Amino acid sequence: MLFVLAGLLLAGCSPTLVAVNEDIDKEFRETFKPLNQSLVAALWKNTSRGYRRLGTKRFGEKEDTALMQLVNEIYFNPQMPHTYEIVDEFYSEDGGSGPVMVTSGKHGYSVSFHNNTPEYYVSVLQIQPNEQQHYLVAAIYNLEDDEWVLDKVFPVRYAMLGKTAAYMFEMAKSWEKRGFMIDAYVHAHGARNLVEHSGDHIIYKDKKEILKYRDQLAKKIEAAYSKYPIRIGAISSSPQIFDFDMAFHEKGLYPAIHYISNVPGSDYEAQVQEAKDIKEYMTKHMPDLAQNQGYVFYRRFTLDPRVDTEPYFSNAFIDYNNNFGK
């Protein structure tokens, strides 16, 4: 079997040779196909019992918490196909026990875990629990008593509408170069949402840079327009913009302006007019948002959800070529 150096780091030791993807014997890779299928089937059955039965006694509650979050996503979308794709595979025959990190140069992430047996196999799967989200699921298998058993499972969100954090990060930098700082922030914010809660087991290569860049853009926006919330006194209802976010639409990823509104919830026409007034104001006074990209979402809140503990109401209006609607 051909081995290559795969960015595997063993604490206190020199890098270990590990086989990656096509460098792993084809027939040997087939060994893990039914194991991965059983794992995915267990997830879609909305029960932890199925994947516990695949595991060793060490497969415990710490990993179950993250898994159950993914299971909940699957539960609310039973119409999604029960399929998966292999993203990467790693195999080491003599990795030893202790902290291990395997790195995917192609996809820009690493899997970090504590290994328990000299021989192990890592399958990184991509599954889609709903129409918007893609997850990476790292399954770590150990060879125990001549049998491959599931030892650990680590899921993280990987993409929204097929767009990864790395893609959003590059788009953010592109928007800033073109002079649209708000659009840059929106994409950096979307990238942050994917990497921020990735945990300690699946680590994105650009995580630190993405978090730093998003914060830098937030400070630039505050310096240009004032700190949040940005009160628009020129509009009679005095709406307050408290954030710029990313909206996920079937056509793609678009900016969303979040604002606090004093317009009565029963007055729909006044709500639409307020959204139009915000757009007009931003077109004149906040040119850092590109208004010609097809869709811009205006999301109205009755309270600021970042600071208020009282229940709030929210609804959104979509500006598509200056046609506003829900």
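Structure above, values below:
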read-out: Tally, over segment 289-302, of residues that are modelled with pLDDT of 80 or more, within 17 Å of D183 (Cβ to Cβ) and in a loop (DSSP other than H, G, I, E, B); value: 2
read-out: Leading residue by the ranking (nearest to E22 (Cα to Cα)) among those in segment 136-157 that are among the β-branched types (V, I, T) and in contact with a Ser or Thr (Cβ under 8 Å, 6 or more places away or on another chain); value: V149
read-out: Test set (1) without any contact (Cβ under 8 Å) to a residue 40 or more places away in the chain; (2) at positive phi - R192 fails condition number; value: (2)
read-out: Contacts under 7 angstrom Cβ, first residue in segment 303-319 being in contact (Cβ under 8 Å) with a residue 24 or more places away in the chain and assigned to a loop (DSSP other than H, G, I, E, B), partner open to solvent by 40 Å² or more (accessible area, probe 1.4 Å) and not acidic (D, E), 6 or more apart; value: L303/Y312; D304/P229; F313/G265; F313/T302
read-out: Whichever residue in segment 1-47 is part of a strand (DSSP E or B) and at pLDDT below 85 and, among such residues, is least open to solvent (accessible area, probe 1.4 Å); value: V18
read-out: Subset of segment 232-241 (residues that are surrounded by fewer than 19 Cβ atoms within 10 Å (Cβ to Cβ) and not hydroxyl-bearing (S, T, Y)); value: G233, A234, I235, Q240
read-out: Residue that is surrounded by the most Cβ atoms within 10 Å (Cβ to Cβ), among those in segment 72-84 that are outside any helix (DSSP H, G or I) and at pLDDT 70 or above; value: Y84
read-out: Segment 109-135 residues that are in contact (Cβ under 8 Å) with a residue 60 or more places away in the chain and more than 18 Å from D23 (Cβ to Cβ), paired with ones that are in a loop (DSSP other than H, G, I, E, B) and of a type in the set (A, V, I, L, M, F, W, C) (beta carbon under 6 Å, 6 or more apart); value: Q132/L161
read-out: Strands (runs of 3 or more DSSP E) (entirely within segment 85-169) containing at least 3 residues that are open to solvent by 10 Å² or more (accessible area, probe 1.4 Å); value: 85-92, 98-104, 109-115, 133-144, 147-160
read-out: Total residues in segment 190-203, condition of a type outside the set (A, V, I, L, M, F, W, C) and modelled with pLDDT of 90 or more; value: 2
read-out: Segment 212-236, residues that are touching a strand residue (DSSP E or B) at 6+ places or on another chain (Cβ under 8 Å) and part of a helix (DSSP H, G or I); value: I221
read-out: Residues located in segment 200-231, provided they are closer than 29 Å to S112 by Cα, open to solvent by 30 Å² or more (accessible area, probe 1.4 Å) and touching a helix residue (DSSP H, G or I) at 6+ places or on another chain (Cβ under 7 Å); value: D206, K207, L211, R214
read-out: Hits in segment 251-282 (condition: in contact with a Leu (Cβ under 8 Å, 6 or more places away or on another chain) and open to solvent by 20 Å² or more (accessible area, probe 1.4 Å)); value: L253, I260
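Yes/no per residue for (1) closer than 29 Å to V40 by Cβ; (2) among the hydrophobic types (A, V, I, L, M, F, W, C):
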site	(1), (2)
G179	no, no
G199	yes, no
I202	yes, yes
L211	no, yes
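The values are calculated or read from the model by the stated rules, or taken from the named source; none is laboratory data. What you see is a predicted model, and the numbers here were worked out from it, not measured in a lab. In this analysis, Cβ positions are derived from the backbone assuming ideal geometry, glycine residues included, and neighbour counts consider all displayed protein chains. For the accessible areas, the whole protein counts, side chains as well, though only heavy atoms, and no ligand, DNA or RNA atoms are used. Shrake-Rupley method; radii C 1.70, N 1.55, O 1.52, S 1.80 Å.
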